[in-house]
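Novice: Once you've had a glance at the structure underneath, I'll fire off some questions.
The values are calculated or read from the model by the stated rules, or taken from the named source; none is laboratory data. The model shown is predicted, which means the values in this text are computed figures rather than measured ones. With ideal geometry, Cβ positions are generated from the backbone for all residues, glycine too; neighbour counts draw on all protein chains shown.
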Amino acid sequence: MSSVPTTARLIDGNALARSIRDDVARRVAALAARGVVPGLAVVLVGENPASAVYVRNKVKDCAEVGIASTLDRLPADTSETALLERIVALNADPAVHGILVQLPLPEHIDEHRVIEAISPAKDADGFHVSNVGQLVVGEPLFRPCTPYGVMKMLEHAGTRLDGAEAVVIGRSNIVGKPQALMLLAAGATVTVCHSRTRDLAAHTRRADILVAAVGRPNLVTADMVKPGATVIDVGMNRGADGKLCGDVDFAGVSRVAGAITPVPGGVGPMTRAMLLVNTIEAAERGAR
């Protein structure tokens, strides 16, 4: 009889995120006892419905753990100059330890210029080129929240990283590239696949760890997965039935994989939790 599980173990992002929030709350209380209140400034430009939901959840998370959050809601026609001036003011505000500008921004605003205007010491998203460079050389100041959350999930699942074959599907600056760097730093042998990869399945079938982050519903099917692999689904899509689904065919792949994340309730809650971790780390660094 095969030792490979027929039903994958579920990596519960909601439960792990609750545990991380509890730890952040304890660290916030320790700083408060020293007269320091961690602060996160969130900037939302325009009325993107998905962005509004994300921001509302982030503000709620901050309130639950005791982080002071401010929300700047700016109209969609806000000029790039006005937004940059606001970021300069937040950089100079000692009560603000982390700054997050919700993406995407309206088309007339250069996202790169905005991200680079944020002080690297307050870059709660970990997107500033300085922080990306720190990650490349293995001395990260802030890690991008989604891949940071994925690493915590792999750790929680007990997945061995040292010497493992890891495949990342997706090469975005937000998830794919930093995810590959973090896995590499942990000792994995990493392959990055993308839209131009030939014979994607030939790569994914080798993976002990498979991270799917491309935004294509059910791209990864059971025949593409190595039996017993750990599968992390970063995708968040709407299926033909209107329901949320990931990049992985959960029903099929869960019969082959050893461990798998659900959508929803997997990587999403962890992304939000790691934003809190980045913010408390910034406040602790400032307090030192």
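Novice: Could you check the range 37-58 and list, in sequence order, the residues that are closer than 17 Å to LEU90 by Cα and not in a strand (DSSP E or B)? Explain how you work it out, then say what you get.
Specialist: Filtering the range 37-58 down to residues closer than 17 Å to LEU90 by Cα leaves 37-45.
Within the range 37-58, VAL37, PRO38 meet the criteria.
Novice: Select from the range 178-215 the residues that are in a helix (DSSP H, G or I) and small (Gly, Ala, Ser) and write down the one among them that is nearest to GLU155 (Cα to Cα). Spell out how you get there, then give the answer.
Specialist: Restricting attention to the range 178-215, the residues satisfying the condition of being in a helix (DSSP H, G or I) are 178-185, 200-204.
Narrowing the set further to residues that are small (Gly, Ala, Ser) leaves 180, 185, 201-202.
Details: ALA180: 16, ALA185: 14, ALA201: 25, ALA202: 26 Å.
Ranking the qualifying residues of the range 178-215, first place goes to ALA185.
Novice: Six or more apart or on different chains, Cβ under 8 Å: which pairs go from a residue in the range 36-61 that's at pLDDT 95 or above to one that's among the hydrophobic types (A, V, I, L, M, F, W, C) and surrounded by fewer than 13 Cβ atoms within 10 Å (Cβ to Cβ)? Could you list them?
Specialist: Close Cβ pairs satisfying both conditions: VAL37/ALA95; GLY39/ALA95.
Novice: Could you run through the range 251-288 and say how many residues are over 22 Å from the mean Cα position of the chain (by Cα), modelled with pLDDT of 95 or more and assigned to a helix (DSSP H, G or I)?
Specialist: 3
Novice: One residue is enough: does the range 159-172 have a residue meeting the conditions in the same structural domain as THR221 (by TED's automatic domain parsing), assigned to a loop (DSSP other than H, G, I, E, B) and aliphatic (A, V, I, L, M)?
Specialist: Narrowing the range 159-172 to residues in the same structural domain as THR221 (by TED's automatic domain parsing): 159-172.
Remaining after also requiring assigned to a loop (DSSP other than H, G, I, E, B): 159-164, 170-172.
From what's left, aliphatic (A, V, I, L, M): 161, 164.
Yes; the residues of the range 159-172 include at least one that is in the same structural domain as THR221 (by TED's automatic domain parsing), assigned to a loop (DSSP other than H, G, I, E, B) and aliphatic (A, V, I, L, M).
Novice: May I pose another question? Please determine whether any residue of the range 83-92 is within 18 Å of the chain's Cα centre (by Cα), surrounded by fewer than 21 Cβ atoms within 10 Å (Cβ to Cβ) and free of Cβ contacts under 8 Å to residues at least 12 places away in the same chain. Walk me through it before giving the result.
Specialist: As a first pass, look at the range 83-92 and keep what is within 18 Å of the chain's Cα centre (by Cα): none.
For the range 83-92, residues within 18 Å of the chain's Cα centre (by Cα), surrounded by fewer than 21 Cβ atoms within 10 Å (Cβ to Cβ) and free of Cβ contacts under 8 Å to residues at least 12 places away in the same chain: absent.
Novice: In the range 154-192, which residues are within 27 Å of ASN218 (Cβ to Cβ) and basic (Lys, Arg)?
Specialist: Across the range 154-192, the qualifying residues are ARG171, LYS177.
Novice: Turning to a different aspect of this structure: Of the residues VAL53, VAL28, VAL45, which is surrounded by 12 or more Cβ atoms within 10 Å (Cβ to Cβ) and under 28 Å from MET151 (Cβ atoms)? It would help to see each step written out before you state the result.
Specialist: Values: VAL53 fails: surrounded by 12 or more Cβ atoms within 10 Å (Cβ to Cβ); VAL45 fails: under 28 Å from MET151 (Cβ atoms).
Among VAL53, VAL28, VAL45, only VAL28 is surrounded by 12 or more Cβ atoms within 10 Å (Cβ to Cβ) and under 28 Å from MET151 (Cβ atoms).
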